[in-house]
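Structure record follows, encoded as structure tokens.
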Amino acid sequence: VENRPKYYGREFHGIISREQADEILAGVEGAYILRESQRQPGCYTLALRFGNQTLNYRLFYDGKHFVGEKRFESIHDLVTDGLITLYIETKASEYISKMTTNPIYEHIGYATLLREKVSRRLSRTKNESRKASVMSEENTQVEKITSLVRRTALTQNDNHFNYEKAHNFKVHTFRGPHWCEYCANFMWGLIAQGVRCSDCGLNVHKQCSKYVPNDCQPDLKRIKRVYCCDLTTLVKAHNTQRPMVVDSCIREIEARGLKSEGLYRVSGFTEHIEDVKMAFDRDGDKADISASIYPDINIIAGALKLYFRDLPIPVITYNTYSKFIEAAKISNPDERLEAIHEVLMLLPAAHYETLRYLMIHLKKVTLHEKDNFMNAENLGIVFGPTLMRPPEDSTLATLNDMRYQKLIVQILIENEDVLF
């Protein structure tokens with residue numbers, strides 16, 4: 001065949017019709033050829049004989065061969081995997097449909113172990129939550145917000161430590177026989193037989209992944225870094241209420257930096273901030289950020305801000321961003337406060353707890369305004385774009401929303417005792 005694409009071999013038969021391909025393959029189950037489309041020159045088709053008929057698939061190449069999601073080094077591997085899949089789906093379609101309806105997920109070792117971890121964590125964090133709620137209740141100026149909303153806040157606060165997390169499934173090629181940990185059935189195919197959660201290692205069929213509960217328990221061995229890691233993933237991996245970066249930095253700042261002039265506004269040396277980031281990524285909660293290593297408190301403050309900026313999903317999530325902006329536009333102060341409170345309740349538990357803890361800290365910063373010259377408005381300017389980003393990467397949207405971002409953080413700081 002002339003002008004044969006260099007990535008095809010003897011299976012390529014040039015420009016031929018469907019009818020010609022059908023004649024060549026007639027009566028030979030599993031046989032296949034490649035052909036160039038008569039209607040669309042430059043487009044290629046895999047003609048495959050299966051079930052006494054010739055099936056035609058649009059074929060692509062981007063360094064690897066594919067007709068769907070899976071990519072293969074050779075056409076031979078693609079066809080082999082395709083024949084396995086076609087055979088299984090033809091001969092066992094009824095069985096496959098039952099797999100997800102009668103799973104053994106609840107009875108296998110993984111689920112049992114996970115349930116024990118979750119119950120231990122929840123019992124501890126809920127007790128801490130109740131203590132915090134009682135203390136907050138005693139010190140709260142309830143007149144700032146309606147008693148009804150306040151009661152709702154306290155009631156829902158208990159539920160905010162149920163740290164649900166969806167699994168982070170990615171297509172995976174298993175070496176050797178593998179079984180789905182949801183339905184306990186065999187994973188068939190040569191490559192990409194199923195999906196694996198990159199955070200906890202759960203292995204399931206792709207179709208089963210839709211039914212697995214949001215009960216991912218990340219394994220520290222799989223979490224390669226601290227910065228740029230999803231907030232909920234990091235919290236669950238370390239079994240803490242908040243990211244340890246936030247706890248460590250705030251603890252250090254409150255110990256020796258609350259009176260530092262321009263705290264959070266004055267920048268530390270970028271290379272030193274990167275050093276702190278690397279220390280957390282390398283050593284986790286054992287990272288040394290003491291005054292003997294970093295005497296300039298602005299380095300620690302800068303590292304904390306960098307952590308929030310590097311989050312793949314901001315503390316104030318993309319899903320709630322527009323609701324916060326709309327709440328900030330309400331002119332009536334009481335109604336605005338209630339609207340902000342309602343949106344706070346929509347945040348994922350780990351995000352809510354992190355934001356609550358940060359606002360308590362920033363309120364302490366404002367109490368030393370005479371020394372550090374940082375009031376709630378100034379902190380709002382600094383932390384607004386750090387804690388919330390618009391879902392779409394639009395410079396114009398960011399500029400238009402900046403004053404509302406500032407206002408949201410300012411209100412959260414000034415009213416942290418009634419909003420959280």
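The values are calculated or read from the model by the stated rules, or taken from the named source; none is laboratory data. Since this is a predicted model, take the numbers as computed values, not measurements. So basically every Cβ, Gly included, is an ideal-geometry build from the backbone, and we count neighbours across all protein chains shown. Just so you know, the surface numbers come from the protein's heavy atoms only, side chains and all, with ligands and any DNA or RNA stripped out. Shrake-Rupley method; radii C 1.70, N 1.55, O 1.52, S 1.80 Å.
Its Cα centre serving as origin, the stretch 169-217 has a Cβ charge dipole (Lys and Arg +1, Asp and Glu -1) of approximately 180 debye. Taking Gly27, Gly268, Gly384 as the candidate residues, the one with maximal mean-square fluctuation in a Gaussian network model of the chain, Cα springs under 10 Å, is Gly27.
Could you put Val365, Val171 in order of accessible surface area, largest first, with the 1.4 Å probe and the full protein assembly present?
Values: Val365 0, Val171 90 Å².
Correct descending sequence by accessible area is Val171, Val365.
Given a 1.4 angstrom probe, I'd like the percentage of the accessible area of the stretch 235-357 that is carbon and sulfur, rounded to a whole number. Walk me through the intermediate numbers first.
Working: 2520 of 5230 Å².
Carbon-and-sulfur percentage of accessible area, whole number: 48.
Taking the helices alone, the chain has a mean residue ellipticity at 222 nm of -15500 deg cm²/dmol, built from -39,500 (n - 2.57) per DSSP H run of at least 4 residues and averaged over all its residues. For the residues Arg175, Arg336, Arg242, a GNM of the chain with alpha-carbon springs under 10 Å puts the largest fluctuation on Arg175. Shape index of the stretch 322-400: Rg/Rh, with Rg the Cα radius of gyration and Rh the Kirkwood radius from the inverse mean 1/r over Cα pairs, equals 0.99.
Of all the options Asp62, Asp401, Asp275, the one that moves most in a Gaussian network model of the chain with Cα springs shorter than 10 angstrom is Asp62. Does anything in the stretch 349-365 have its amide N under 13 Å from the 7 Å Cα→Cβ label point of Asn214, and if so which residues? 349-352, by backbone N distance to the label point. Which angle from 0 to 90°, rounded to the nearest 10, does the C-alpha axis of helix 318-328 make with the longest principal axis of the chain? Taking Cα atoms only, the helix is inclined about 40 degrees.
Between Asp285 and Glu29, the modelled labels are 6.0 nm apart [label points 7 Å from Cα along Cα→Cβ]. Estimated at the nearest 10 Å², the accessible area of Tyr7 is 80 Å² with a 1.4 Å probe. Principal-axis analysis of the Cα atoms of the chain puts helix 297-310 at an angle of about 40° to the longest axis.
Extension gain, Cys228 to Asn52: 0.36 nm times the residue separation minus the Cα-Cα distance gives 58.1 nm. Note that the stretch 24-81 carries a Kirkwood radius of 11.9 Å, evaluated over its alpha carbons pair by pair.
Charges at C-beta only: +1 for Lys and Arg, -1 for Asp and Glu. How large is the resulting dipole of the stretch 337-420 about its Cα centre, in Debye rounded to 20?
Values: 7 positive and 12 negative charges, 41 e Å.
Dipole about the Cα centre, nearest 20: 200 debye.
DSSP assigns beta bridges within the stretch 12-99; of those with both partners inside it, close to 90 percent run antiparallel. Centre-to-centre separation between the Cα atoms of the stretch 50-69 and those of the stretch 240-314: 52 Å.
Calculate, for the chain, the solvent-accessible area per residue in square angstrom, rolling a 1.4 angstrom probe over the heavy atoms of the protein chains.
Values: 21620 Å² over 420 residues.
About 51 Å² of surface per residue is accessible.
Principal axis extents of the Cα atoms in the stretch 169-217, from largest to smallest and rounded to whole angstrom, are 28, 19, 13.
Label positions at Tyr61 and Asp371, each projected 7 Å from the Cα along the C-beta direction, are separated by 7.1 nm.
Above 31 angstrom, tally the Cα pairs of the stretch 228-419 and express them as a % of all pairs, no decimals. That fraction is 14 percent.
Placing +1 on each Lys and Arg Cβ and -1 on each Asp and Glu Cβ, with no other charges, gives the stretch 1-51 a dipole about its Cα centre of roughly 200 debye.
Under a cut-off of 29 Å between alpha-carbon atoms, report the lysines in cross-link reach of Lys170, not counting same-chain residues fewer than 8 places apart. List returned: Lys64, Lys70, Lys91, Lys98, Lys117, Lys206, Lys210, Lys221, Lys224, Lys236, Lys277.
Sorted largest first, the spans of the alpha carbon positions of the stretch 3-45 along the three principal axes are 28, 22, 12 Å. Principal-axis analysis of the Cα atoms of the chain puts helix 270-283 at an angle of about 70° to the longest axis.
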